[in-house]
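Right, one structure below, let's go through it.
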Amino acid sequence: MIVKRIFVLAALTLLGACIMVFTKEPVFAAADGRGAPAMRPGVWDSDPNPGCQRDEAKPVSQWPSCANGFVVLDDHTIGSFYDETGKPAWTTSDYVLASGKPRVFQVHFTSDDPLTPSAFFYAGFEPTKLDDAGRIVAGQTWFVVCGPPPPAQASTSGDGAQQQRVGTLHPFAGLTMDKDGVNCMPASPDALRNAARGSHALTAAKDISNAHWVRDGRE
């Protein structure tokens, strides 16, 4: 799972430009996840940063900051021991794992910093293993983006200055770019699912995160 990386990239996105899809209001409600397998509560681990060594047998609070462990508290709350700055601090966020193909993970990013306002971020999610009770115990995730990145020469001009364009020139169907051509807004839940499918096709294998359930409990 990419929970902590969502927090990090969320902060960067809200401070500048990024092609990740984010919204000020949630696209999915809790009811949108009902009827589909839920993530098993407990400690989860996902691909760590390169060269990071962690011992899954230890409590999550003892894992290094380079690790990407997290805790599923219930079917709508998720927690991480490190905040978006890498400081030790338990943080929790509301999430929805929406049903559909692909499934979409919506996480609510909040911050005390007035420069990084509240927003909702999205990742595609593909369960890869269920336990005997039908709960998800492993899966793959990838960020939902607005569309393919612009070519290197694409630029926008303002007061005579040239700068590299960040936003896509070809947003996925159902996404509308803002007037600055930087961020995008999905017209509907299905548009967001379509963007998740398109984003998977654009995502390199090394950038698809694998996550698995480790044990019950919060540590």
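What follows is calculated from the coordinates using simple rules that are stated; it is not laboratory data. Everything numeric here is computed off the predicted structure, so don't read it as measured data. Heads up, the Cβs are rebuilt from the backbone with ideal geometry, glycines too, and the neighbour counts pull from every protein chain shown.
Quick notes on this structure:
- With K and R counted +1 and D and E -1, the other residues having a Cβ less than 13 Å from that of residue 131 yield a net charge of +2.
- Within straight-line cross-link reach of residue 101, lysines at Cα separation under 18 Å, skipping those fewer than 8 residues along the same chain: 129
- Simple spin-label estimate for residue 30 and residue 208 gives 3.2 nm between the two label positions (7 Å along the Cα-to-Cβ direction from each Cα).
- Residues 25, 126, 56 arranged by fewest to most Cβ contacts within 10 Å: 25, 56, 126
- Amide H contacts under 5 Å for residue 138, placed H, 5+ residues apart: 128, 129, 213
- Rounded to whole Hz, the Karplus (6.51, -1.76, 1.60) HN-Hα couplings of the range 38-43, x for glycine and proline: 9, 6, 5, x, x, 7
- By the beta-carbon count within 10 Å of each Cβ, the least crowded to most crowded order of 192, 130, fewest first, is 130, 192.
- Length added when fully stretched, residue 187-residue 112, from 0.36 nm per residue minus Cα-Cα: 24.1 nm
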